[in-house]
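Asker: Below you'll find the structure I mean.
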Amino acid sequence: MNTQKIYLGSLLLGLALFMNSCKDDYSVDIASGPGVTPQATFTPEGDIAIAGSGGSSTIQVVSNMPDSTISAAVDYATNGESWCTTKIVDNKVTLSVAQNTSYSPRAATLKIKAFTLLKTFAVEQDGKDYVIDVTYPYSKNYKINIPSISDFNNAKTNIFAVMDGSQKIAEICLEYINATGMSSRAIVVYGVAARDGNSADYKNGYIAQFIDDSGNVKQSNANGSAASFNYDTDECSYIPILRNYPTINTVYLSTTGVTNKEIAGATELTAQPYYVTDKSGNQYPVVKVGADVWLGSNLRTLKMGDGTDITLVNTPTSNCAVYPRQDTSLDPAVFGYLYYASLVMGGNVANMGASIVDSHNSTWRVSTGGGSNASGIMGTTTDWQRLFQYVGKDQLGAILSKGYNWSGGSAGGFDPSTVTNITGMNIPAAGEIYGNYFALAGDSQAFFVCQGGQGYNFCEADGKAVDQVGVRAWAHNADACSVRLVRVDSHNLQ
């Protein structure tokens, strides 16, 4: 009997020594007693989410093993990282996470052992918050539900406005984001700073949803990223802020910016479609392209800003407005009217701009063009140059509506299959008039007039004007074409 006891004791000792000789980073220097099955519970059990600003999380371990058998370690998703620390006090393991100085999220795995029982926790930390460079002049916090794609489609405008009485709180735009690392339509939320006047803060856009080529919301971990526009160069900087957010349908606005994180007690406001009207009572959609806001359809007013009537005719007649393509059946809400340059010259330039009435107290003007397509240089001096600077070289199709017999031409090399209207500019083939006759085929050209009697062609049957500059200027003081207006926005960044 004594021999059996000695043998059994030697066996247990040998087993303990064997276990210690094979230990990993989470093993402990104590063995359970004979016949004892290690048990442990870990509370809470779920994955650990940490804000970009840093923070901590504590897990309590309840086990039938001594607290001294508890150990912890962290494995990082990216080799070489070290941004977590662990501390064990009694039966509690506290994970501390440092501030994330990057916009990108990061991940790790926390591994806790109680004797031989291993429990793993996924650790995910947000990237740092995007900090705006201005304080919004809000006296309260706001909650806003994002209009859906159906809302935009039904409203037939690309901007919704959020108002608190007479104060504009935000603009929500369905727009084309064209930047390094991103080319997509998106729904973007812009707060309103005092420096923006009646406009919005396009330097600090919050991307709530990305939209695919079929017009559907894309599932993306980049929801919540930032779009920042340079007002001088009309360029967009895309700042990816990767999160594991689902589609963002609700945002909150405060003096410090836009977020999808709930703010308790926020005042809920409803975004409303943004339209403007003209002196004749016609309503127009609006669209944001780059840092500029345009009419979303061709002008069709029959009254100037001072109330002067404009005569509408079907036979080309000087100093009048003419039906598009000389066809009275075409919907003017789509095609607008063609205006003789004599109506958009001199003092009438401002008068035509003043034909638009904006409930947001913004003013509008006839869009400007200019430059030479001979050199193939895109500029930023005029409105049309800025637009083409933004959509990019040879991207005429980004502003043209589908469904027309756009011609490829012979000199410009325009490819009609590239027509996408991804910007939402909705430019139709309305035709143009040279003197007293319609020039070329009315269904294969779009033409816009500018002050000073200069015209700017974008798609002619001969392709001469199809280029990255989007301008072909020559005297047109006896001709008639379509007119687009642009909102006058004064962003004072000083």
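The values are calculated or read from the model by the stated rules, or taken from the named source; none is laboratory data. Predicted model only: the values in this text are computed from it and were never measured. So basically every Cβ, Gly included, is an ideal-geometry build from the backbone, and we count neighbours across all protein chains shown.
Asker: Check residue 156 against each of (1) in contact (Cβ under 8 Å) with a residue 12 or more places away in the chain; (2) farther than 19 Å from residue 275 by Cβ and name the one condition it does not meet.
Answerer: Among (1) in contact (Cβ under 8 Å) with a residue 12 or more places away in the chain; (2) farther than 19 Å from residue 275 by Cβ, the lone unmet condition for residue 156 is (2).
Asker: Considering only the stretch 246-290, how many residues are of a type outside the set (Lys, Arg) and under 18 Å from the mean Cα position of the chain (by Cα)? If you could, list the steps in order and put the result at the bottom.
Answerer: Let us first name the residues in the stretch 246-290 that are of a type outside the set (Lys, Arg), namely 246-260, 262-278, 280-287, 289-290.
Right, trim to under 18 Å from the mean Cα position of the chain (by Cα) and you get 246-253, 257-260, 271, 273-274, 286-287, 289-290.
Qualifying residue count for the region: 19.
Asker: Scanning for something surrounded by 14 or more Cβ atoms within 10 Å (Cβ to Cβ) and modelled with pLDDT under 90, does the stretch 35-49 turn up at least one residue?
Answerer: Scanning the stretch 35-49 turns up no residue that is surrounded by 14 or more Cβ atoms within 10 Å (Cβ to Cβ) and modelled with pLDDT under 90.
Asker: Further question: Within the stretch 252-294, which residues are among the aliphatic types (A, V, I, L, M) and in a loop (DSSP other than H, G, I, E, B)?
Answerer: Answer for the stretch 252-294, where residues must be among the aliphatic types (A, V, I, L, M) and in a loop (DSSP other than H, G, I, E, B): 263, 264, 266, 271, 291.
Asker: On to the next question. I'd like to know if the stretch 71-94 contains one or more residues that are under 26 Å from residue 259 (Cα atoms) and among the small types (Gly, Ala, Ser).
Answerer: The answer is no; no qualifying residue exists.
Asker: Same structure again: Across the stretch 218-241, what is the total count of residues that are aromatic (Phe, Trp, Tyr) and either free of Cβ contacts under 8 Å to residues at least 40 places away in the same chain or out of contact with any strand residue (DSSP E or B) (no Cβ under 8 Å at 6 or more places or on another chain) (or both)? Full working, then the answer.
Answerer: First, the residues of the stretch 218-241 that are aromatic (Phe, Trp, Tyr): 229, 231, 238.
After this cut, where a residue has to be either free of Cβ contacts under 8 Å to residues at least 40 places away in the same chain or out of contact with any strand residue (DSSP E or B) (no Cβ under 8 Å at 6 or more places or on another chain) (or both) as well, the list is 231.
Residues flagged as aromatic (Phe, Trp, Tyr) and either free of Cβ contacts under 8 Å to residues at least 40 places away in the same chain or out of contact with any strand residue (DSSP E or B) (no Cβ under 8 Å at 6 or more places or on another chain) (or both) within the stretch 218-241 amount to 1.
Asker: Another question, then. How about the stretch 210-226: which of its residues are within 20 Å of residue 145 (Cβ to Cβ) and surrounded by fewer than 24 Cβ atoms within 10 Å (Cβ to Cβ)?
Answerer: Within the stretch 210-226, 210, 211, 215, 216, 217, 218, 219, 220 meet the criteria.
Asker: Of all residues in the stretch 226-264, count the ones that are small (Gly, Ala, Ser) and under 24 Å from residue 140 (Cα atoms). Step through it out loud before you land on a result.
Answerer: First, the residues of the stretch 226-264 that are small (Gly, Ala, Ser): 226-228, 237, 254, 257, 264.
Checking the rest, the ones that are also under 24 Å from residue 140 (Cα atoms) come to 226, 254, 257, 264.
Count: 4.
Asker: Just the residues that are within 30 Å of residue 158 (Cα to Cα), of a type in the set (S, T, N, Q) and at pLDDT 75 or above, please, taken from the stretch 405-439.
Answerer: The answer is 405, 417, 418, 420, 421, 423, 426.
Asker: Checking residue 456 against (1) buried (at least 24 other Cβ atoms within 10 Å of the Cβ); (2) modelled with pLDDT of 70 or more: exactly one of these is not met. Which one?
Answerer: Of (1) buried (at least 24 other Cβ atoms within 10 Å of the Cβ); (2) modelled with pLDDT of 70 or more, only one is false for residue 456: (2).
Asker: Can you tell me which of 27, 53, 57, 68 is among the small types (Gly, Ala, Ser), at pLDDT 50 or above and either assigned to a loop (DSSP other than H, G, I, E, B) or not assigned by TED's automatic domain parsing to the domain that holds residue 121 (or both)?
Answerer: Numbers: 27 fails: at pLDDT 50 or above; 57 fails: either assigned to a loop (DSSP other than H, G, I, E, B) or not assigned by TED's automatic domain parsing to the domain that holds residue 121 (or both); 68 fails: either assigned to a loop (DSSP other than H, G, I, E, B) or not assigned by TED's automatic domain parsing to the domain that holds residue 121 (or both).
Criteria check complete, one pass: 53.
Asker: Look at residue 354 and say whether it is farther than 28 Å from residue 197 by Cα, of a type in the set (Gly, Ala, Ser) and not assigned by TED's automatic domain parsing to the domain that holds residue 227.
Answerer: Working: farther than 28 Å from residue 197 by Cα: no; of a type in the set (Gly, Ala, Ser): yes; not assigned by TED's automatic domain parsing to the domain that holds residue 227: yes.
It is false that residue 354 is farther than 28 Å from residue 197 by Cα, of a type in the set (Gly, Ala, Ser) and not assigned by TED's automatic domain parsing to the domain that holds residue 227.
Asker: Additional query: Within the stretch 319-341, is even one residue more than 23 Å from residue 484 (Cβ to Cβ), surrounded by fewer than 21 Cβ atoms within 10 Å (Cβ to Cβ), in contact with a Lys or Arg (Cβ under 8 Å, 6 or more places away or on another chain) and not aliphatic (A, V, I, L, M)?
Answerer: no
Asker: Given (1) among the hydrophobic types (A, V, I, L, M, F, W, C); (2) crowded, with 17+ Cβ neighbours inside 10 Å; (3) out of contact with any Ser or Thr (no Cβ under 7 Å at 6 or more places or on another chain), where does residue 118 come up short, assuming only one miss?
Answerer: (2)
Asker: Residues in the stretch 75-98: is at least one outside any loop (DSSP other than H, G, I, E, B), under 15 Å from residue 50 (Cα atoms), of a type in the set (Lys, Arg) and assigned by TED's automatic domain parsing to the domain that holds residue 63?
Answerer: no
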